[in-house]
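Each value in this text was obtained by applying a stated rule to the coordinates, not by laboratory testing. Computed from a prediction, not measured in an experiment: that's the story for all the values here. Cβ: placed from backbone, ideal geometry, glycine included. Neighbour counts: every protein chain shown.
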Amino acid sequence: MANNITRETLREKEVQELTLEEMIFIHLADSDSPIIVKDLYLKSTLSFLKRNIQHSLNNDHGKDIIPYIGLCTILDQLGTCYNIKNAQEPRFNSNGIKRCLVYFGEFNENDKLIDVLFALRNGLLHKASLTSHDQYKNKYYHFRWDNDITEIFKEAEKEWNGNYDLLDQPGEQYLTLINVDLLKKLVYRCMDKAAKLNQNSLIELRLAGGKRQLYYDYIRTSEIL
């Protein structure tokens, strides 16, 4: 049976009265408008990320790195927070991005996209770098953005071995291309799937601190004056 949780059903509740499904509903709500409970406005970090991603993509000074970091962070957070009930646990038990792509993106565990997005996130988030080295598979990546490709990523024509001399002109053959528009659609689709599963009580929290950790880690509150 569907939970049918809405903003209106939460208005008269104290935070302490919220069920786990209601807290997850708040976490996955991506609107700019806060959710109102008794005496409090609530907004999740996911809603901030989504707003900042869109703002960055519309700003020539911010669209080169920040949106990609934000999109990868959303994947990481979803995979860190949630399991799908009665679904086989992915082998990536401690990797949020990979878990999310298997669970909510519905990708096969061996899909190349999983490794590519993990490498993209590591390069950008750790060093704001357009190169990345997957130490587990000893694979090197050199990234560029291209919204004209027809898939989320296009594999490099030749595998790069980490030798920077090879990237001197012509180095395009070593580029892994990323389509940000298609990546954004994938990430938002993962959010939507998690939200729909929650309405049917089909996802479960995997945070050690339970509902309180979800609240304190990922939801910002402000008092209604």
- Item | Listed peptides 64-73, 27-36 by packing density, highest first (mean Cβ within 10 Å) | 64-73, 27-36
- Task: Over all directions, average the projected area of the Cα convex hull of the chain and note it in nm².
- Result: 14.2
- With the dipole of the chain defined by +1 on each Lys or Arg Cβ and -1 on each Asp or Glu Cβ, the option from Gln169, Thr9, Leu78 whose Cα lies farthest towards the positive pole is Thr9
- Query: Taking Lys50 as the anchor, which aspartates and glutamates have their alpha carbon closer than 12 Å to its alpha carbon, excluding any fewer than eight residues away along the same chain?
  - Reply: Asp30, Asp32
- Item | Candidates Asn198, Asn95, Asn59, ranked by Gaussian network fluctuation over the chain, Cα under 10 Å, top entry | Asn59
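Based only on other Cβ atoms within 10 Å, what is the fewest-to-most ordering of Leu130, Leu75?
Numbers: Leu130 17, Leu75 25.
By the 10 Å Cβ count, ascending, the order reads Leu130, Leu75.
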- Message: 7 Å from Cα along Cα→Cβ at both Glu151 and Thr19: what's the point-to-point distance in nm?
- Response: 4.2
- For Lys139, the lysines lying under 28 Å Cα to Cα, once residues fewer than eight places off in the same chain are dropped, come out as Lys63, Lys98, Lys112, Lys127, Lys154, Lys158, Lys184, Lys185
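With contacts defined as alpha carbon pairs under 8 Å and 6 or more residues apart, what's the relative contact order of the chain in percent? Spell out each step's value before the answer.
Working: 335 pairs, mean separation 57.8, N = 225.
With pairs under 8 Å counted, the relative contact order is 26 percent.
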